[in-house]
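See structure below.
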Amino acid sequence: MSDCFIDQPTTDAIPIVAVTADDLERWLATQPERTSNWVGTSGYQGKAGSFLCIPNDDGRIACVLAGVDGSEPTWALGDGPSKLPAGVYRLPADWDAGRCEKAAIGWGLGAYRYTRYKAANGELPRLSLAGLERPQRVRDVVEAVALTRDLINTPAEDLMPEQLAHSARALAEAHGAEFFELVGDELLSTNFPCLHAVGRASLHAPRLLDLRWGDPAHPRVTLVGKGVCFDSGGLDLKPSNAMRSMKKDMGGAAHVLGLARLIMGAGLPLRLRVLIGAAENAVSGNAFRPGDVLRSRKGLTIEVENTDAEGRLAICDALTEAVSEQPALLMDFTTLTGAARVAVGTEIAAFFSNDDTLAADLARHAGIDDDPVWRLPLHDGYRHELDSQIADLLNCGTSSYAGAITAALFLKEFVPATTPWLHFDMMAWNLRARPGRPKGAEAMGVRAAFALLEARFGTGAASAGRR
Ligand SMILES: [Zn+2]
């Protein structure tokens, strides 16, 4: 991945010239006739996302035209790594530092390849980071997203709770964090019964993963991730087309690990805790059943309406543990419902919050960083969907409407109104390739969430008067 960047200044790096369709003519007027002829012969029109190599007299590349339209600067050069020939390139000379940093991040994200089972073919073109103010930040973002994508792309056979734990531990060790886990029946003796119920039918014991980092005197930020390493649906078995993609059901866990890597890499002055409910929702003689009643860590009893609504059960005990420490901010990341995809599609991370300022801040950062999110309502009027005849609540509603909202309302039962809270329900997967976003696993909302944390808790936060 880092192969796609070069730090040292190189005098022979190929310049990228950004053009809009409108200013292509103006640029050509300043160029020798053979360049105009070449552009004309190639039929190049400066369409956003398109590239054209311009040769010099020796038949080497003199420069590259990159069509841009000014929108979503992060993705302006996102297709560079897949469309340009091998070589070293440099960012457009007329771009400011902020635009260059975003485009470099998009380049790095576009260079991502998942190579565990099949080698990538060909040598990647590289982008020079010389002259950037924060080259390390670019690398950190690209590597954090790659960590998230790698975990999600890995098939369940090679990424069960134990391997997820291994990755979390390795991340903790790399950043001097503490790591602790509860495995299998330890979840019962320490009162994480819902997570245990979800994972008890698997040969791979369920685990609560617990990472702590930073000065305990700093504001406490807690991230909770849904780590369902494979979701068969349980006894309410999914049909094959729905089960096919369920290696990605630990996407929330992968997101919080990627975000933790960013936080620790940047050394944000906060006390970080990461809690992951890791389990396989499998079918076996001891699988939890529709109609069973689980008693949660909080003491609320939950009647299982459907064993495929297991994600909320896998993290509700972790939420109870999280809020017991009264964090300044609580975020959970989940691939929780298909209903969220019906509502906002696969390319926007749906989120919920009990704090309007927090929600607005997140949306603002999402816009700045080209990491789209959309707030859905925590509408208490739908709480009746979770009413149970024999328990405090059902694990999911019985109607076919508002499934993302009722899932969020279920989680809200475990989060007091006094805890500022963001709940993400996202796809964690690109169904199609776009610049900087290859098909397959994706981190959604992580860059926006990190920007929010940096603005609220970063060293510049107080002096800049932000919160
Ligand atoms: Zn499920």
Among the residues of segment 267-283, write down those that are more than 16 Å from the ligand (Cβ to nearest atom) and either charged (D, E, K, R) or over 16 Å from LEU411 (Cβ atoms) (or both). GLY267, LEU268, PRO269, LEU270, ARG271, LEU272, ARG273, VAL274
Out of curiosity, is LEU362 of a type outside the set (Asp, Glu), more than 16 Å from the ligand (Cβ to nearest atom) and under 23 Å from LEU272 (Cβ atoms)? yes
Can you confirm whether segment 310-333 contains a residue that is within 15 Å of the ligand (Cβ to nearest atom), surrounded by fewer than 21 Cβ atoms within 10 Å (Cβ to Cβ) and either at pLDDT 95 or above or assigned to a strand (DSSP E or B) (or both)? no
Could you tell me whether GLY78 is assigned to a loop (DSSP other than H, G, I, E, B), among the small types (Gly, Ala, Ser) and within 25 Å of LYS439 (Cα to Cα)? yes
In this structure, does GLY122 turn out to be surrounded by fewer than 18 Cβ atoms within 10 Å (Cβ to Cβ) and part of a loop (DSSP other than H, G, I, E, B)? yes
Residue list for segment 4-34, filter: part of a helix (DSSP H, G or I) and either touching a strand residue (DSSP E or B) at 6+ places or on another chain (Cβ under 6 Å) or loosely packed, with under 14 Cβ neighbours inside 10 Å (or both): CYS4, GLU25, ARG26, TRP27, ALA29, GLU33, ARG34
When the residues of segment 288-307 are filtered to those that are buried (at least 19 other Cβ atoms within 10 Å of the Cβ) and within 16 Å of LEU237 (Cα to Cα), which remaining residue is nearest to the ligand (Cβ to nearest atom)? THR307
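Say whether the condition of being on the phi > 0 side of the Ramachandran plot, assigned to a loop (DSSP other than H, G, I, E, B) and away from the ligand (no atom under 16 Å from the Cβ) is met by at least one residue in segment 210-220.
yes
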Can you pull out the residues in segment 386-406 that are touching a residue at least 24 places away in the same chain (Cβ under 8 Å) and under 21 Å from VAL342 (Cβ atoms)? LEU386, LEU394, ASN395, CYS396, GLY397, THR398, ALA402, GLY403, ALA404, ILE405, THR406
Can you name the condition, by its number, that ARG244 falls short on among (1) within 12 Å of the ligand (Cβ to nearest atom); (2) under 29 Å from VAL142 (Cα atoms); (3) charged (D, E, K, R)? (1)
For MET250, are the conditions met, namely being touching a Cys at 6+ places or on another chain (Cβ under 7 Å) and within 12 Å of the ligand (Cβ to nearest atom)? yes
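The values are calculated or read from the model by the stated rules, or taken from the named source; none is laboratory data. In this text the structure is predicted, and so the values were computed from the model without any measurement. Positions of Cβ are generated from backbone atoms using ideal geometry, with glycine treated the same way; all protein chains shown enter the neighbour counts.
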